[in-house]
Amino acid sequence: MSLETKATFLSELEHQLSTSVTAADMARVLTLVSDTLQRYDLTRSADADDAGSYDLFEAYISALKIQGRSPKTIERYRYVIGRLLEDLKTPIRSITVYHIRSWLSRESARGIADSSLESERLVFSGFFGWLFREQLIDRNPMSNIGAIKIQKKVKEAYTNVDIEKLRTACSDTRNMAILNLLMSTGCRISEVTQLNRTDIDFQNNEIVVLGKGNKERTVFFDDVTALHLHHYLATRSDMNPALFINRFGKRIEPGGIRFMLKELARAAGVEHVHPHKFRRTLATTLIAHGMPIQEVAAILGHDKLDTTMRYVVLDKSATKASYKKYA
């Protein structure tokens, strides 16, 4: 038996004994075990470690499902954590803070953005924090790894000119309905693609959507959006329950909306067009018109007001006018 294997075995045995015997008895037991091991050639079972790591990983994934996390979130956690474990090739219970720091450093050297590294750090923190709270690991390797500083970029919202250009360049009835729905509701594209025709309440101009974590919320749309939805649905003769379908008659996917917006942006001559920007624009507009931020958060489906505030683009001229008014 190698000295390293022997030391590891004795260390683990000491940890197990520390909760059940006195220090003096433990010393005698360890001495007897050490002497006995001299006559054996033993190796640590890698298969057992791998199996244990797999069980811990799957236990966490099951916990996420019980918590009601969305399939997309669970898929991302599985990918990020799985890549870490595959790269480290170290049993979960043996992973230390140095393993994590080294891995994040290598990711940074590969050119991964700080925002992506921070996102991965949060995933690891959730994973190892859960294992530690469940007493499945002895120490949390993430406890001494702080947040990664991210350079804050000024977020942009669509201007009124941008919106008018997009509307003018849009000649397709379906695309016009999608465009107006995104602008008036601030829905995520995943929420839009899940909508059925029967979900639209034209009488009250509102929709109950299923957001992240399977949480329902009510969003509202204006009369212009209602008009374009009516025009689009009038062109449909199919029996598909989906609110929006693609050219093959199937429910449109998020990728289909992204592609549509990309083509529309090119035709309109508007830069940086993406679905999330409609949410930011709606939040900014509602706040500028005096809506309480708690209500804006409810419309966007945010649990935390800090999240909503990150969506709001403050008008510098309005801020300056307020300063002069109140200073």
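Just so it is clear, none of the values below were taken in a lab; they were calculated from the coordinates. These numbers were taken from a predicted model, which means no experiment stands behind them. Note that we place each Cβ from the backbone using ideal geometry, even for glycine, and neighbour counts take in every protein chain shown.
Worth pointing out:
- For peptides 216-223, 287-294, sequence by mean Cβ density within 10 Å, most packed first: 216-223, 287-294
- Relative exposure of Val296, Val273, Val161, judged by other C-beta atoms within 10 Å (fewest first): Val161, Val273, Val296
- Legend: Rg and Dmax of the stretch 46-133, from Cα coordinates, 13.1, 36 Å.
- Cα centroid of the stretch 57-98 to Cα centroid of the stretch 145-218, whole Å: 30 Å
- Cross-link table Lys215/Lys250; Lys89/Lys304; Lys250/Lys277, entries beyond 32 Å C-alpha to C-alpha: Lys89/Lys304
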